[in-house]
1. Once every DSSP H run of n ≥ 4 in chain B is given -39500 (n - 2.57) and the sum is divided by its residues, what mean residue ellipticity at 222 nm do you get, rounded to the nearest 500 deg cm²/dmol?
2. Check A:Thr87: other-chain or 5+ apart residues with amide H under 5 Å from its amide H, H built from backbone geometry?
3. Relative to the longest principal axis of the C-alpha atoms of chain A, give the angle of the C-alpha long axis of helix A:122-157, reported between 0 and 90° and rounded to the nearest 10°.
4. For the protein assembly as shown, what number results from the quotient of the Cα radius of gyration and 2.2 N^0.38 Å?
5. With an 8 Å Cα cut-off and a minimum separation of 6 or more residues, compute the relative contact order for chain B in percent.
6. Taking the 0 to 90 degree range and rounding to the nearest ten, how far is the long axis of helix B:188-199 tilted relative to the main principal axis of chain B, both from C-alpha atoms?
7. How far is it, in nm, from the label point at A:Ala32 to the one at B:Arg143 when both lie 7 Å from their Cα along the line to the Cβ?
8. Rounded, prolate or oblate: which fits segment B:140-356, taking a ≥ b ≥ c as square roots of the Cα gyration tensor eigenvalues, rounded meaning a/c under 1.5, else prolate when a/b beats b/c?
Amino acid sequence: MSIAGLASLIIGILWLGGGTLWLLTRRRYRLAQIPNFAMDLLGFPVELAQSLFGRSGVPYALLLPNMLIFGFFTFAPMILNFYVSFTGGSSISLFDRPWVGGANYSAIFQCESYFDPRTCSNEGFSFWRGMANTLMFVAIQVPVLCAAALATALVVNKNLVGRGFWRAMFFYPVMLSPVVIANIWNWVLHRKGILNETLGDATGVMTALSGMAGFDMVATILFAILLFVASERTLRAAADPSLAWAGLFALLFVAVFTWASPLRMVGFQALPSLWLGLALGAGLVWLVSTAHPAARWVVMGFTAVAMALLLTIQFDAVFSFERFRPVNWLVTPNTGWPFFWLIFVFTWSHMGFYMLILLAGLQAIPSDLYEAAKMDATKPARAFYRITLPLVMPTLVVVLVLSLIRSFQIFDEVWLLTGGGPGRETFMIVQHIYETAFTGDRPAYGSAAAGSVLMAVVIAVFTFFQLFITRRQSGL
Amino acid sequence: MGLATFLTRTKGNPDKADRIGAADLLAYGYLALGVLLILVPVLWTFLSSVKNERAVSSFDTRLLPMSQVERLIEGEGLKTTWIYTDAAGNTQEVFKAGPTRVETDVAAIDDPANVFKVPRTQLEPNEEIRIATENYLDPILGRNGQTNFTFFTYLFNSVFVTVVATLITLLINAMAAFALSKYQFRGRLTFTILIVATLLIPSSIILVSLFFVVWSFGIFGSLWGVIIPAAATPTGVFLLRQYMLTIPDELLEAARMDAASEWRIFWRIVLPLSLPALSVLAILSVIWRWNDFLWPLIVLISDPSAHTLQIGLTTFSGEFDSQFHYILAMTVVSLIPITLVFVWLQRFITTGIATTGLK
């Protein structure tokens with residue numbers, strides 16, 4: 001039996017035996033009071049502290065169990081981490097570990113170029129590769145997660161039918177365990193899975209449709225009507241164009257612009273047209289949202305441009321897809337799909353939690369501010385930028401920091417979905433620590449601890465940087 | 001026009017404003033899309049899990065669990081059956097008496113001796129809707145050689161970890177919160193700051209040395225190694241402390257007048273009064289413990305009899321990469337308890353986290 005086992009046995013005997021004696025000599029219990037006796041026995045150390053030191057001793061006794069666990073399982077490992085990172089070997093007995101000084105750190109930093117992990121030593125490659133992937137993941141994940149959570153919180157906060165239902169639905173994935181989530185998405189994203197099947201069917205149907213006679217004409221007329229309706233509704237509202245309709249109009253405009261691809265005339269591929277179209281659409285929405293005086297004229301101009309472009313589009317060519325080849329979403333290297341699905345699944349499974357926190361922040365905003373804004377005929381977009389955003393900012397900062405720390409520690413989802421692959425495309429820093437320390441025949445605890453110390457430094461720097469740049473908004 | 005106005009208006013004012021506009025349409029569209037994205041994968045997994053092995057391994061994408069009818073045929077054993085349509089349009093239920101070729105040998109099921117040739121293209125599988133309960137029952141009851149997924153052991157371990165850890169968390173966090181909210185003592189600020197500091201230490205950066213600590217306590221590889229390190233949660237302490245601050249001190253003073261000991265005051269007065277906060281923490285703790293993954297993976301992986309449901313499911317999925325029908329069924333099984341808890345307590349969970357939400 002280990003020392004800890006022996007110690008807990010002795011404590012247990014003292015607690016139960018001593019406590020029973022102590023309680024029975026001082027208090028009387030009837031037979032029906034056995035539950036009372038059990039609870040008193042449970043709190044025997046507190047009772048003892050009170051009788052020994054008076055009331056001032058009680059809070060220390062109450063704090064003791066919590067602080068013992070914090071001390072042994074949070075603070076002690078925190079300090080021990082530094083010690084372990086300076087030792088080598090694979091012994092799990094702390095005193096048998098040889099002191100190697102900074103060897104673990106220098107192995108990680110042994111790189112010719114820090115921007116290219118391939119020039120590092122083995123430990124360095126694994127660490128820097130994980131760090132680079134994690135930083136990229138965090139850089140994409142945190143804005144995506146916060147934007148999605150804020151958008152959903154704003155929508156759910158509206159006065160809609162079935163608010164509780166929507167709220168609960170978006171929270172549901174948070175309850176699911178990472179294994180379940182990974183199995184579900186592995187099944188959906190399998191090469192022969194439902195996603196590829198659906199995409200194949202959809203492209204097949206579209207191709208068949210576009211092959212029918214008169215498709216080009218019908219599509220042109222349809223899109224012309226849609227564009228006219230959207231721009232008419234945008235411009236109809238009394239003084240300023242309406243933002244929601246402008247958003248719809250911008251979406252249509254981007255689609256038409258991309259298909260017509262006017263940049264091709266100057267010799268570009270199709271992709272730059274998409275980016276230009278997106279930039280133009282975003283500019284339009286921004287102009288309308290800030291109620292710029294020129295917004296009206298810009299919408300009219302865009303309508304004219306879109307109409308002209310519409311005539312040049314060959315719709316039967318646009319909607320005639322090649323035979324869809326099933327994509328092996330999580331396995332094919334150098335496509336970016338594994339990373340994309342990682343971000344998608346992470347957002348899918350964590351968004352609800354941050355949405356709820358933001359929702360609480362939104363509901364704390366006093367509604368008379370909005371009533372006053374309505375009295376002054378403020379546009380909804382302006383009310384959002386001037387009331388909602390500043391007042392929800394403290395909550396948003398909390399969400400930013402929480403999601404940053406959370407996405408830095410991503411392990412479960414990656415490990416179960418892609419296992420860090422293909423190659424090392426989705427290999428994250430926690431996986432590096434886990435695999436260095438807990439898999440393989442010769443666990444390198446020292447190296448893993450050095451990696452954790454460096455990771456802690458990076459997380460701390462990021463968190464403080466984030467708090468620093470948002471200190472004015474968050475009021476910290 | 002009157003009808004359209006009536007149908008699209010969302011508030012009492014009949015003539016002006018507050019109809020369903022583009023903003024509402026966009027909002028409902030967004031919500032519908034989001035709920036589809038969330039529900040479709042889960043429902044698809046559930047629908048796939050009740051299909052039989054052949055349908056799952058051939059990635060049958062039909063919604064219903066179709067499976068080919070098998071019949072016991074004298075002298076031939078269990079055979080899958082096919083529908084043969086002859087040139088005149090008559091249909092007949094047959095089974096294949098030889099390998100599948102352009103001209104396949106088949107025989108009618110009621111006349112197995114009379115073998116005749118038919119073109120392969122005239123044969124259609126004879127299918128019926130059947131829920132493949134064996135996907136669930138084989139691994140759970142250990143039938144058909146499926147002894148690797150010891151479901152009840154995993155379930156017991158998961159429930160044990162969840163219940164015991166939650167009880168310990170509730171008790172010690174409530175004690176700490178009581179001390180921090182209702183007593184004036186030296187070092188109160190220090191203790192508060194220490195607890196805040198633990199909030200800032202992410203669990204994954206102390207992984208390696210936590211392993212050393214847990215090892216030297218002799219609880220590595222046992223369920224206690226999962227329960228104890230995470231039992232004290234800073235979130236829980238703060239949640240309960242905020243709530244206990246609202247309990248009036250007069251109640252405590254009155255009890256002291258009646259010579260109640262401090263421990264009695266705690267569990268007879270303070271604990272019952274902070275029940276709402278305790279239930280929120282209980283729900284949070286259950287979610288955390290039930291879904292916990294990385295730390296149990298490190299502590300429990302070497303001993304299959306100590307696996308929790310999550311770890312058991314992981315190793316099970318790793319071992320049988322091709323046996324998707326069992327993996328899907330077991331995924332659904334481990335999804336059901338938490339879904340039921342969610343449906344049952346959904347209102348408390350969402351409002352509880354919204355008002356306290358930190359992790």
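1. -17500 deg cm²/dmol
2. A:Val100
3. Its long axis makes an angle of about 70 degrees.
4. 1.14
5. 18 percent
6. 20 degrees
7. Going by the 7 Å Cα→Cβ label model, 5.2 nm.
8. Prolate is the answer for segment B:140-356, as a/c is 1.5 or above and a/b outweighs b/c.
Rule-based calculations on the coordinates, nothing more; no lab input. These numbers were taken from a predicted model, which means no experiment stands behind them. Here the Cβ is made from the backbone with ideal geometry for all residues, glycine too, and neighbour counts use every protein chain on show.
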